[in-house]
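Novice: Once you've had a glance at the structure underneath, I'll fire off some questions.
The values are calculated or read from the model by the stated rules, or taken from the named source; none is laboratory data. Predicted model, so just to flag it, every value in this text is computed and none were measured. For neighbour counting, all protein chains shown are included, and Cβ atoms are generated from backbone atoms with ideal geometry for every residue, glycine included.
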C-alpha cells in the first residue's frame, strides 16, 4: 500500500494539478450519471413511448409517428421496443414519401438484426419502396411510359424481392413479392430488348447480341423471349456466324413454331413497314 502524500511536501504546481484532476474526475462522474439517466429523465417508459408512436402510425399520421419513433430510439436505443420501432420507422418513412430514409432505415435494420424474426419484412419494405414510390407512381400516372424511363429503381426492387424470396420462401410477403417480380421482369426484359434493337438498327451487331443474351439469361420466362431469340438470330446472321444462327433457329423452331422466322413471314414487309423502318427488327 502506498503511503499517504503529505501536502506540505507538494509544490504549488503539483497541488494545482491534483486539484484540477479532482475537478475533472468529478465532472466526468457527473456526466456519466447524466448519460445513464437519459432513459429515466423523460419519465416515460419505453412501452408507453412505443404505444404512442404506434397509435400515430395506425392513424396514418406519418410525420408524428416518425418523430415519436425517433424519440423512442434515441432515449431507448436497445431492447425489443427499439428493434420494432426501427422497423416501423422505416414503414413510416415509406408511407410519408421519404424514400431515401426508408431505404437507409431498412438497410440499417437488416445489418443490425440479420436474424430478427421480422427481417423478411425489411427486405420486402426495401423492394416495395423502390417499386411503389418510384415504379408504381409512374405506372399509375402514365402506364405506357413505365418501360421508357430509367430502370435503376426497378432493378433494385427486383433484386430486393428476389432476395426476400430466396432467403425466406415461406415468408408471408413472398407471394406478393413474386407477383411484383413478374411485372418488373416483363418491363425490364422489354427495356433490355429495346436497347438491343437500338444497337441492331445501328448495325452494332455484337452489342445487340450481348444485350439480347443478357436479357435471356437475366429474365427467363419473359414474354419477350421469342423476340430476343429472333434478334439474336439476326445478329448471328449479320455477323456471319452460321452455326450460332442455326442453333438459335432450332431453339426458336422447337419452342416457338409460330415465329415469323420459322414460317418465313418475316421476309414479307408490308407498306407501312417500308414507311416506318424503325419498328421491331
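Novice: Conditions: (1) at pLDDT 90 or above; (2) surrounded by fewer than 17 Cβ atoms within 10 Å (Cβ to Cβ). Residue 36 meets all but one. Number of the miss?
Specialist: In the conditions (1) at pLDDT 90 or above; (2) surrounded by fewer than 17 Cβ atoms within 10 Å (Cβ to Cβ), residue 36 misses (1) alone.
Novice: Follow-up. I want to confirm something. Restricting to the range 52-66 and keeping residues that are surrounded by 15 or more Cβ atoms within 10 Å (Cβ to Cβ) and out of contact with any helix residue (DSSP H, G or I) (no Cβ under 6 Å at 6 or more places or on another chain), which single residue is nearest to residue 109 (Cα to Cα)?
Specialist: 54
Here is a yes/no grid of residues against (1) in contact with a helix residue (DSSP H, G or I) (Cβ under 8 Å, 6 or more places away or on another chain); (2) in contact (Cβ under 8 Å) with a residue 24 or more places away in the chain; (3) farther than 28 Å from residue 183 by Cα:
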| residue | (1), (2), (3) |
| --- | --- |
| 213 | yes, no, no |
| 216 | yes, no, no |
| 222 | yes, yes, no |
| 227 | yes, yes, no |
| 232 | yes, no, no |
| 241 | no, no, yes |
| 248 | yes, no, no |
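Novice: What's the number of the condition residue 172 fails, among (1) modelled with pLDDT of 90 or more; (2) surrounded by fewer than 20 Cβ atoms within 10 Å (Cβ to Cβ); (3) under 21 Å from residue 98 (Cβ atoms)?
Specialist: For residue 172, the failing item is (3).
Novice: Here is a further query. Give the residues of the range 187-208 that are at negative phi and either under 18 Å from the mean Cα position of the chain (by Cα) or not in a helix (DSSP H, G or I) (or both), sorted by residue number. Write out each step before concluding.
Specialist: Step one: of the range 187-208, the residues at negative phi are 187-202, 204-208.
Passing the criteria: 187, 188, 202, 204.
Table: residues versus (1) over 16 Å from residue 70 (Cα atoms); (2) modelled with pLDDT of 80 or more; (3) over 14 Å from the mean Cα position of the chain (by Cα).
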| residue | (1), (2), (3) |
| --- | --- |
| 89 | no, yes, yes |
| 104 | no, yes, no |
| 109 | no, yes, no |
| 117 | yes, yes, yes |
| 126 | yes, yes, no |
| 130 | yes, yes, no |
| 134 | yes, no, no |
| 138 | yes, no, yes |
| 145 | yes, no, yes |
